[in-house]
Every structure is written in C-alpha cells, then in structure tokens.
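Note sheet for the following structure.
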Amino acid sequence: MEKALTSPQARGWRLGTSVLDPDRAPNQDVGGRNLFLLSLSDRETDSSSHHAAFRSCMQKYLFNSATTDRQGDEIARRLLTKLAADYTEMPHGTGGAFFTDVKRGWMGFLVRYLHYVIFGINPDDKESIELLTELHYTRQSPLHYFAVIGSLLESLNLFGHGNLSTLIERAATIYENSPALANFEESSENNGMTKRELAKLMTSIMGIAGLQGPLHLGYTAMGYHPLPAYKGQQTAEINPTDFWDQLDLDDRQSIELFLLECARLWAPVSATHRVATEPFTATVAGKERTFPAGTKVLIPLSLGLLDESFWGSTVYEFNAKRENLCPFHMGFHSVGDRSAGRICPGKDIALKMLVDVVSTVGKVRRSSEPNL
C-alpha cells in the first residue's frame, strides 16, 4: 500500500471501484481533450504528462498564498460564526437538519466557505451560491460521471439530471469569472491549459472531491451518523462526539489528530486504483498468479487504515494519540505527506477548515449544552 501511494501511477477510468464514463468527463463531454486528473496517468503511453501540467496549473491559481489569506480573513471567520449559530438553532443529533439542509448548517457552510476560499466567490452572491448548491448537492453531480448510471439518470431525468450538462457549463462560467482566475494566462508549462478548461475541470473536482470528502469527515466528527459496524467489532458503538467533547478546543494539533482518527476509522475515500504497466505476480488464495500489464489494481485505502499488522491490536478502537497516526495516515491519497505527486491538493485547506469548524462549533456546543 505504501509503495503504491508513493510511486508514479498509471490510471484508467475508475473512481475507486466504480467505472467512469469518459464521454462525461470534463471537457471530453464537449469534444475536447481529457482534463480529468483522476484518470490521467503520471506518464502517458506517448510519454506526455498532462497530469503534472494540469495539476500544476490548478495549484498555481487555486491553491496558493491568496487561498491561504482568504482562509484566515474576516469573511471566512464570519462564515464559521454563522455555522456555529446554525448549530445552536438547528437539530444536530444523528440525522439532524444541521447536517442535511443544503441551504444552512454544514452543507450550506461548505458551499459558501470552499467556493470563497478557493475561488474568491462572494458567499453573499445568492444566485451563484444557489446554482452551485443545486449542482453539487441537490442534484448530486458526482453521479453524472459514472458509467451507465450517469446516462440512465439523464435519460429518465432523475434527480434533475436531464439538463445537468447545462448546469455544469453554467457553474464552469462562474468559476471562469471568479477572482481567482482573473489574471489567468495560458502557458506552455501547463500544456496550454485554458481558463475555460481549468474552470471545467473544477466542476468535477468540486463535485466529486472538494464538497464530498470534508462533508463526510465532518459528518463523522460531529455525530451525524455512527461509525461502520465492522464485522466482529464494536465500532458502531463508538461515538466520536464523546472524544470531541474532551478535546482542548484551542489545541489545533490535538483537533487535527482527532480528525485523522475519525478518517482512519471511516475513510471519506475508501479506495483508489492504478493500472499495472508491466506483468506482476501476486499470491491469491494461497496460490501465485501472474497478471498482465494493463491489469487494474485496487488500492484499498480503508483497509490500509485498518490494518492490524501495522496499527496493532487497538486498530478498531478510537485513539487520537496512537503512534504514527499523522506520518502514516493514508486518507489523502498519500502516506502522511509522502506521495508521488498525487496527494490531495486540498489537504491543507480541508484540515485547517475542519480544525476551525471543530473548535468553533465545539465551543458553542459546550456553552449551549452545559452537561458536556
């Protein structure tokens, strides 16, 4: 597992175990070239490297010092304060509206906060926020990219997917006109990626990753649902909020470790994949088998995070102080901070945001529920 995550990867059209539809990929859906980072290999068969070039372009304009500045400014703090107020005003127990209302609470916060921090989009721009919420949450945009499911939803116009392609283009225009891309310049270093191409790529990245990973980790940390009932284990009886209530809410490192332990016991991203570039031999059911080049190989992140041979006999217990939690965590398509260039580009943003959320909401939780 460690080698797979820290070595160059060849990729195919899969998202974990699910098959993707290339014709629905960003930009290919309008007859353009493939931009989809999750399906681009580190080195293509023609020796090109679009993945590195396109990722570099994305990081240059969307994950930079301006992003960091926005995350620490007054607007971001105001959104956190509003989230805390929503927590006190809305049901926030298991299955509560705080977690499920797309306009307020956790989901409403994520749409406004992440689009402000990453793109500089005004969180008070009602029209833009409503469209982005509609696309990514109400209509469940990630389903659009799956093979069979995407076309079926479109043909039957289920979940509003009949005209989802139009909504995606409108979202791309919002991204294209955002402050973060105002000074965009095409460059050969980025393989000539255009502003529209980057905007279109981000419609898929935000829907599939940006607004999903943090959503589910927040669900776990703040008690929207119990941990999975792993076979033969008592994990479903663990309540992460019990550990939240014991945290020093001004100790950012302790909060981050709490979040990493939540993500270890229930990984927001359970698996990824690579494509073998040469034949290899593996032991399956006690027998050695040789597989050809081109074989799709699953990288089960969740199994690595629950491997008793590494994490020890307490692997199914909650312990945010466990040894090697930070340097060997695999929840961001990396081993700690080690990768071969495919670590989640939004890792730092997501963790800082979630630490701020757990601290800010935790304080109003304690003040409004004095028995904690």
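The values are calculated or read from the model by the stated rules, or taken from the named source; none is laboratory data. Every value quoted in this text rests on a predicted model; they were computed, and no experiment measured them. Because the Cβ atoms are built from the backbone with ideal geometry, glycine has one as well, and the counts that use them run over all protein chains shown.
Can you confirm whether segment 1-10 contains a residue that is in a helix (DSSP H, G or I), at pLDDT 95 or above, more than 18 Å from the chain's Cα centre (by Cα) and not hydrophobic (A, V, I, L, M, F, W, C)? The answer is no, given that none of the residues of segment 1-10 is in a helix (DSSP H, G or I), at pLDDT 95 or above, more than 18 Å from the chain's Cα centre (by Cα) and not hydrophobic (A, V, I, L, M, F, W, C). Could you list, in sequence order, the residues of segment 233-292 that are surrounded by 11 or more Cβ atoms within 10 Å (Cβ to Cβ), over 21 Å from residue 210 (Cα atoms) and among the polar types (S, T, N, Q)? If the condition is that a residue be surrounded by 11 or more Cβ atoms within 10 Å (Cβ to Cβ), over 21 Å from residue 210 (Cα atoms) and among the polar types (S, T, N, Q), then 233, 234, 235, 239, 241, 246, 254, 277 are the ones that fit.
Which one is surrounded by the fewest Cβ atoms within 10 Å (Cβ to Cβ) among residues in segment 201-215 that are in contact with a Pro (Cβ under 6 Å, 6 or more places away or on another chain) and either among the aliphatic types (A, V, I, L, M) or under 15 Å from residue 261 (Cβ atoms) (or both)? Per the stated criteria, the residue is 208. The set of residues from segment 108-122 being surrounded by fewer than 21 Cβ atoms within 10 Å (Cβ to Cβ) and within 20 Å of residue 209 (Cα to Cα) comprises just one member, 120. Scanning segment 139-155 for residues that are in a helix (DSSP H, G or I) and either surrounded by fewer than 15 Cβ atoms within 10 Å (Cβ to Cβ) or free of Cβ contacts under 8 Å to residues at least 24 places away in the same chain (or both) returns 143, 149, 152, 153, 154, 155.
Pairs are defined by a Cβ separation below 8 Å, a sequence spacing of at least 6 or placement on different chains, a first member in segment 172-199 that is over 23 Å from residue 136 (Cβ atoms), and a second member that is at pLDDT 95 or above and of a type in the set (S, T, N, Q); the pairs so defined are 186/194; 189/56; 190/56. Looking at 31, 95, just one residue is out of contact with any Ser or Thr (no Cβ under 8 Å at 6 or more places or on another chain) and free of Cβ contacts under 8 Å to residues at least 24 places away in the same chain, and that residue is 31.
Just so you know, in segment 156-198 the residues that are more than 16 Å from residue 24 (Cα to Cα) and of a type in the set (Asp, Glu) include one that is surrounded by the fewest Cβ atoms within 10 Å (Cβ to Cβ), and it is 185. Checked against the criterion of being more than 19 Å from the chain's Cα centre (by Cα) and at pLDDT 95 or above, the candidates 29, 42, 21, 46 yield just one match: 21.
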